[in-house]
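The numbers here are math on the coordinates, done by the rules we state, and not lab data. In this text the structure is predicted, and so the values were computed from the model without any measurement. Don't worry about glycine lacking a Cβ; one is built from the backbone with ideal geometry, like all the others, and counts go over all protein chains shown.
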Amino acid sequence: MIRAALLALVTALLSGPAAAQQTCRLALLLALDVSASVDDAEHQIQRNGLAAALLAPEVLDPLLNGPGPVALAIYEWSGRFQQDVISDWRLVTSRAQVLEIVEELQTTPRTTGEFPTAIGYAIGFAATMFERAPPCLFQTLDVAGDGQNNDGFAPALAYQHFPLDGVTVNGLAIGGASRQIEQYFAEEIIRGPGAFVEHALNHQEFEAAMRRKLERELRVMVLGALDP
């Protein structure tokens with residue numbers, strides 16, 4: 001499937017600039033943890049950190065200058081039925097659109113903060129988001145969180161029962177020098193070819209970890225592989 005998508009990307013590029021601009025290369029869905037373990041100060045750090053990461057030159061350049069646009073959406077999650085879209089799908093083709101996303105991050109209020117950590121439900125919600133995403137060659141879900149699933153079905157059951165085949169799932173694990181959360185994300189959450197976990201020691205490191213993760217995901221694709 002990866003090789004077929006890469007071939008489609010190259011075909012679009014060889015068909016001329018107009019075709020390349022119209023071919024969405026990646027639908028990127030960002031899922032942020034707002035469960036009870038994330039206090040208001042940490043929540044604001046996450047919002048501000050993501051906004052800063054999106055505007056960082058090392059992220060903005062591959063976001064806007066790759067072979068075709070990227071479709072981007074953001075939602076927050078906590079309990080079984082607490083998933084709230086902050087920024088809905090848009091094809092990002094200009095810095096002005098990135099600034100619109102940043103404004104949504106800065107102005108959309110947090111809707112909840114008292115529910116547990118239902119990662120399986122968060123992943124299931126992502127499947128419904130991808131169903132109405134713009135058609136793109138690749139689909140990637142990013143799950144950021146600071147704890148293990150403690151409510152509802154586990155991530156493994158989400159992968160069994162929701163249509164997520166072909167979706168790469170990466171993780172941003174927050175917390176702990178012991179890196180237990182990172183290990184949990186690596187074993188239970190990430191999925192697909194090239195999937196990876198980025199680690200932030202605490203919420204203060206969230207921005208840097210998010211920037212590293214986005215930069216890695218947005219590297220230009222080449223035939224047969226992704227840039228190392």
Unit charges at the beta carbon, dipole of the chain: most positive-side option, Q22, G145, T117: Q22
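Sort the range 105-150 into rounded, prolate or oblate with this rule: let a ≥ b ≥ c be the square roots of the eigenvalues of the Cα gyration tensor; rounded if a/c is under 1.5, and if a/c is not under 1.5, prolate when a/b is larger than b/c, oblate otherwise.
Numbers: a/c = 2.27, a/b = 1.44, b/c = 1.58.
Because a/c hits 1.5 or more and a/b fails to exceed b/c, the range 105-150 counts as oblate.
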Degrees between helix 40-55 axis and first principal axis of the chain (Cα, 0 to 90, nearest 10): 10
Cα gyration tensor category, rounded, prolate or oblate, for the chain with a/c compared to 1.5: prolate
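Which percent, to the nearest 5, of DSSP beta bridges fully inside the range 121-228 are antiparallel?
Bridges in the range 121-228 are about 20 percent antiparallel.
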Using alpha-carbon coordinates, inclination of helix 95-107 to the longest axis of the chain, degrees: 10
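Find out how many positive minus negative residues lie around D151, taking Lys and Arg as positive, Asp and Glu as negative, among other residues whose Cβ is under 14 Å from that of D151. Write down the numbers at each step before the final one.
Details: positive: R80; negative: D33, E114.
Its environment carries a net charge of -1.
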Among 164-176, 126-138, the order from most to least packed when residues are scored by Cβ within 10 Å on average: 164-176, 126-138
Between helix 206-217 and the chain: long-axis angle, C-alpha atoms, 0 to 90°, nearest 10: 30
For the chain, with +1 on Lys and Arg beta carbons and -1 on Asp and Glu, the positive-most of A158, F185, A71 along the dipole: A71
Packing-based order for 37-43, 25-31, using average beta carbon neighbours within 10 Å, highest first: 25-31, 37-43
At R0 = 25 Å, FRET efficiency that the Cβ-Cβ distance of D151 and A41 yields, to 0.05: 0.60
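Counting each DSSP H run of 4 or more residues in the chain as -39500 (n - 2.57), what helix-only mean residue ellipticity at 222 nm follows after dividing by all residues, to the nearest 500 deg cm²/dmol? Provide the component values of the computation, followed by the final result.
Details: 9 runs with 98 residues, N = 228.
Value at 222 nm, helices only: -13000 deg cm²/dmol.
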Under 11 Å from the E100 label point (7 Å along Cα→beta-carbon), backbone N, the range 67-92: 88-92
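Quick one: if the Förster radius is 22 Å, what FRET efficiency do F115 and S178 give, using the C-beta to C-beta distance and rounding to 0.05? Can you show the working numbers first?
On the way: r = 25 Å, r/R0 = 1.15.
So, using R0 = 22 Å, E works out to roughly 0.30.
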Rounded to 5, percent antiparallel among DSSP beta bridges of the chain: 25
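Would you mind classifying the range 69-204 by shape? Square roots of the alpha carbon gyration tensor eigenvalues, ordered a ≥ b ≥ c; an a/c under 1.5 is rounded, otherwise it is prolate if a/b is larger than b/c and oblate if not. If you can, show how the numbers build up before the last one.
Values: a/c = 1.44, a/b = 1.25, b/c = 1.15.
In terms of gyration-tensor shape, rounded.
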